[in-house]
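Student: Sharing a structure below in structure tokens format, with a few things to ask.
The values are calculated or read from the model by the stated rules, or taken from the named source; none is laboratory data. Remember, predicted model here, so these are calculated numbers, not experimental data. Positions of Cβ are backbone-derived with ideal geometry, glycine not excepted, and every protein chain shown enters the neighbour counts.
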Amino acid sequence: MRATRRALLRALFLTALAGGTAAALTPVLTADRNARRPRAPRAPGAPGALRGEVLFDETYRGRRLRGSRTGSPAAHGTGTRTGPDTVRVTVDGRPLHLMRRADGGYLTVVDHYVSYPTPLAAARAAVDELGAAHLSASPTHRA
């Protein structure tokens, strides 16, 4: 009787472990699948073309926010993904580094703790956080 109880508890534990792992990995796996879907090729300059497509260009709290798709090829050997889903955002002409999350949201270099649903929302939040300060003109960090 004892061996049967132990086998039952082990089976329940392994089932719960497998179910929890599947539930935790589902958003990551489905986001990756959606990111790799092929897109129909479009002519450069056509409406909705990826390269250089302006996503937003507005003034928010006295700052000019501009976002566009880069559509540049992947950087070889750098480990940096710069495919068609890459968005370039500037605040007053200075680049704001955005990081894409697996769930489709964005993090900014200004605030790593909050995820924003769109690049525009992330840029507005960065302006709110910066206040009167400006982004660094240099892309490299000097300690």
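Residue-by-condition table, conditions (1) surrounded by fewer than 16 Cβ atoms within 10 Å (Cβ to Cβ); (2) at pLDDT below 85; (3) not in a strand (DSSP E or B):
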{"residue": "66", "(1), (2), (3)": "no, no, no"}
{"residue": "85", "(1), (2), (3)": "yes, yes, yes"}
{"residue": "90", "(1), (2), (3)": "no, no, no"}
{"residue": "111", "(1), (2), (3)": "yes, yes, yes"}
{"residue": "123", "(1), (2), (3)": "no, no, yes"}
{"residue": "127", "(1), (2), (3)": "no, no, yes"}
{"residue": "134", "(1), (2), (3)": "yes, yes, yes"}
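Student: Consider residue 74 against the criteria (1) closer than 21 Å to residue 104 by Cβ; (2) modelled with pLDDT of 50 or more; (3) hydrophobic (A, V, I, L, M, F, W, C): it satisfies all of them except one. Which criterion is unmet?
Tutor: (2)
Student: Between residues in the stretch 1-30 that are of a type outside the set (A, V, I, L, M, F, W, C) and residues that are surrounded by 10 or more Cβ atoms within 10 Å (Cβ to Cβ), which pairs lie under 8 Å by C-beta distance while being six or more apart or on different chains?
Tutor: 27/102; 27/103
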